[in-house]
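**Q** Pasting a structure here, questions to come.
The values are calculated or read from the model by the stated rules, or taken from the named source; none is laboratory data. All of these numbers come straight from a predicted model, not from anything done at the bench. All Cβ positions, glycine included, derive from the backbone under ideal geometry; neighbour counts span all protein chains shown. To get the accessible areas, we keep the full protein, side chains included, count just its heavy atoms, and leave off ligands, DNA and RNA. Shrake-Rupley method; radii C 1.70, N 1.55, O 1.52, S 1.80 Å.
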Amino acid sequence: QVQLVESGGGLVQAGGSLRLSCAISGRPVGNYRLGWFRQAPGKIREFVAAISWSGASTYYADSVKGRFAISRDNPGNTLYLQMNSLNPEDTALYSCAVGLRPYATTVADFGSWGRGTQVTVSS
């Protein structure tokens, strides 16, 4: 069974940076994408970024493109999200998840959700 544990969240001023980590234990069934999602208070969970199992391809929501970067380490045990130029609209609970099928991009395409790490950006 796959377990994901996020870390690295915190309070940061607008314009600052944070690096989130997602520790992956166990081997997912199927070598599908890994993803980051976020949920702000009163809003639905939304896609942030995803990376192919090989790490060769990355995908981003328009709202974070050019500011965030998703990556994974070579053994594949840790997923990262480097977040730069943060703004208050990025405030949310950030969670990582494992793709359940090829070309996973929506919330319904992912599973084995971590509990999340809170990111708060002050203005």
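**Q** Just to verify a result, which residue in segment 3-24, among those that are under 16 Å from Gly114 (Cα atoms) and among the hydrophobic types (A, V, I, L, M, F, W, C), is most open to solvent (accessible area, probe 1.4 Å)?
**A** Val5
**Q** Right, something else. Only one residue in Arg45, Arg38, Arg33 is basic (Lys, Arg) and either surrounded by fewer than 18 Cβ atoms within 10 Å (Cβ to Cβ) or out of contact with any Gly (no Cβ under 9 Å at 6 or more places or on another chain) (or both), so which one is that?
**A** After applying the criteria, what remains is Arg45.
**Q** Within segment 108-118, count every residue that is under 21 Å from Gly42 (Cβ atoms) and in a strand (DSSP E or B).
**A** Number of matching residues: 2.
**Q** Can you list residue pairs whose Cβ atoms sit under 7 Å apart, with the first residue in segment 56-70 being charged (D, E, K, R) and the second being exposed (fewer than 10 other Cβ atoms within 10 Å of the Cβ)? Count only pairs 6 or more apart in sequence or on different chains.
**A** Partner pairs satisfying both residue conditions: none exist.
**Q** Also, I was wondering about something else. Which is among the aliphatic types (A, V, I, L, M) and assigned to a loop (DSSP other than H, G, I, E, B), of Val64, Val121?
**A** Testing whether each residue is among the aliphatic types (A, V, I, L, M) and assigned to a loop (DSSP other than H, G, I, E, B) leaves just Val64.
**Q** Which ones in segment 35-52 are within 8 Å of the chain's Cα centre (by Cα) and either without any contact (Cβ under 8 Å) to a residue 60 or more places away in the chain or within 13 Å of Gly76 (Cβ to Cβ) (or both)?
**A** Correct list: Val48, Ala49, Ala50.
**Q** Here is a list: Arg19, Arg38. Which entry is over 26 Å from Tyr103 (Cβ atoms) and either charged (D, E, K, R) or touching a helix residue (DSSP H, G or I) at 6+ places or on another chain (Cβ under 7 Å) (or both)?
**A** After ruling out the rest, the residue left standing is Arg19.
**Q** Can you tell me which residue in segment 67-81 is farthest from Ala23 (Cα to Cα), limited to those that are open to solvent by less than 40 Å² (accessible area, probe 1.4 Å) and part of a strand (DSSP E or B)?
**A** Phe68
**Q** Can you name the residue in segment 82-107 that is farther than 20 Å from Ser57 by Cβ and not in a loop (DSSP other than H, G, I, E, B) and, of all such residues, is most open to solvent (accessible area, probe 1.4 Å)?
**A** Among those that are farther than 20 Å from Ser57 by Cβ and not in a loop (DSSP other than H, G, I, E, B), it is Glu89.
**Q** State which residue pairs qualify: first residue in contact (Cβ under 8 Å) with a residue 24 or more places away in the chain and closer than 21 Å to Leu4 by Cβ and inside segment 71-93, second residue outside any strand (DSSP E or B) and among the aliphatic types (A, V, I, L, M) in any location, beta carbons under 8 Å apart, and separation of 6 or more residues or different chains.
**A** Met83/Val64; Asp90/Val64; Ala92/Ala40; Leu93/Ala40
**Q** Of (1) touching a strand residue (DSSP E or B) at 6+ places or on another chain (Cβ under 9 Å); (2) farther than 19 Å from Trp113 by Cα; (3) among the charged types (D, E, K, R); (4) open to solvent by 20 Å² or more (accessible area, probe 1.4 Å), Asp62 satisfies all except one. Which?
**A** It is condition (1) that Asp62 fails.
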